[in-house]
Amino acid sequence: MRRSNRLFEIIQILRSAERPMTAEMLARQNEVSARTIYRDISALQIMGTPIEGEPGIGYVMRKGYDLPPLNFDLEEIEALRVGLALLSRTGDSALQHAGRRIHAKVDALHGPADWLQVAPWGAPLDDPAKGCVSVSSLRDAIRNERKLRLTYRDDQEQETVRTVRPLALVYHLECMMLAGWCELRASFRHFRTDRIYGCDVLDDRFSGQSGALRAIWLEQNPWSEASAGA
């Protein structure tokens, strides 16, 4: 997380906290060290953010501090709420956590809207503890143009190991697919993430190639027609 995002997140946590938050508690939520939080708190205080407290006791936000309202109209806010709630159906745990953080920020500014409900059933949650591949790691590999070595089982339970240049994630109602250029087949392939039984991020990169490859993939395989298989 970039420092600017982390500073904003600390402000949001303190604004919604019902009791003092220690540096250790803030560090766990932001996945950094307590020393980093101490530096962030000091920086925010220097900028004039009304944070009170001290190490070992905890920090609170002085009442009355607020952030500018989000520049969305009523229907845009409701669309945002529903869209965030639909993340629960993707199986992407990292996006779900991010969605909950955004939802809390929207609620803090506009109040809750419990009359907007979205059923949570959808793709199974990606849980590395259960042997599932982390979708967050797939998104990271796509952003950074890093090749992946996948251990994949198709619908006939045939297992292959292949090197893939990851290009896109396609979110379906009951599953998620990774689209990429498969070096084994020398063509585009789609891999259901719940059939990936091993995933290693390689040092090999395909820097500068993803845009062109993705454009060709979109032309040959519209996402609405892409089907799983290898």
When the dipole is taken about the Cα centre of the chain, and only Lys, Arg (+1) and Asp, Glu (-1) are charged at their Cβ, what size is it in debye, to the nearest 20? 660
Can you work out D for the stretch 1-68 in µm² s⁻¹ from Stokes-Einstein, where Rh is the Kirkwood radius over C-alpha pairs, the temperature is 25 °C and the viscosity is 0.890 mPa s? 208
For a test of the definition: using alpha carbon positions, the gyration tensor, and the 1.5 limit on a/c, classify the stretch 1-138 as rounded, prolate or oblate. oblate
Excluding same-chain residues fewer than 8 positions from Lys147, which lysines have a Cα within less than 30 Å of its Cα? Lys130
Simple spin-label model, 7 Å along Cα-to-Cβ: Tyr38 to Ala108 in nm? 2.5
Of Gly111, Ile13, Leu218, which is farthest on the positive side of the dipole of the chain, counting Cα position, with +1 on Lys and Arg Cβ, -1 on Asp and Glu Cβ, and the Cα centre as origin? Ile13
Counting only protein heavy atoms and leaving out ligands, DNA and RNA, the solvent-accessible surface of Ser134 at a 1.4 Å probe, in Å² to the nearest 10, equals 40
Amide N of the stretch 193-224 lying under 20 Å from the label point, which is placed 7 angstrom from the Cα of Arg149 along Cα→Cβ: 195-207
Between the Cα axis of helix 34-46 and the main Cα principal axis of the chain, the angle (0 to 90°, nearest 10) is 50
What does the charge dipole of the stretch 1-59 about its Cα centre add up to, to the nearest 20 debye, if the Cβ of each Lys and Arg holds +1 and the Cβ of each Asp and Glu holds -1? 220
Report the one residue of Gly198, Ile102, Gln158 whose Cα lies farthest in the direction of the positive end of the charge dipole of the stretch 85-230 (charges on C-beta: Lys and Arg +1, Asp and Glu -1; origin at the Cα centre). Ile102
Efficiency by 1/(1 + (r/R0)^6): what FRET value for Ser187 and Ser136, r their Cβ-Cβ distance, R0 = 22 Å, to the nearest 0.05? 0.25
Using a probe of 1.4 angstrom, how much of the accessible area of the chain is carbon and sulfur, in percent? 50
Packing-based order for 204-210, 4-10, using average beta carbon neighbours within 10 Å, highest first: 4-10, 204-210
Could you size up the charge dipole of the stretch 51-146 around its Cα centre, putting +1 on the beta carbon of Lys and Arg and -1 on that of Asp and Glu, and report it in debye to the nearest 20? 280
For the pair Ala129/Ile216, report the inter-label distance in nm, with labels modelled 7 Å from Cα in the Cβ direction. 4.2
Short version: ³J(HN,Hα) in whole Hz for each residue of the stretch 203-209, in order, from phi by Karplus 6.51 cos²θ - 1.76 cosθ + 1.60 (θ = phi - 60°), x for Gly and Pro, what are they? 6, 5, 10, 10, 4, x, 9
Given the peptides 170-178, 183-191, arrange them by the average over their residues of other C-beta atoms within 10 Å, most packed first. 170-178, 183-191
Kirkwood Rh in Å, taken over the stretch 83-122 so that all alpha-carbon pairs contribute: 10.5
For an R0 of 22 angstrom, estimate the FRET efficiency from the Cβ-Cβ distance between Glu54 and Arg3 and round to the nearest 0.05. 0.50
With r defined as the distance between the Cβ atoms of Leu173 and Asp200 and R0 fixed at 35 Å, what FRET efficiency is calculated, to the nearest 0.05? 0.75
Taking only Cα atoms of the chain, radius of gyration then Dmax in Å: 21.3, 62
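The values are calculated or read from the model by the stated rules, or taken from the named source; none is laboratory data. Just so it is clear, the structure is predicted and the values come from calculations on it, not from any experiment. For neighbour counting, all protein chains shown are included, and Cβ atoms are generated from backbone atoms with ideal geometry for every residue, glycine included. These accessible areas exclude ligands, DNA and RNA; they are computed on the full protein's heavy atoms, side chains included. Shrake-Rupley method; radii C 1.70, N 1.55, O 1.52, S 1.80 Å.
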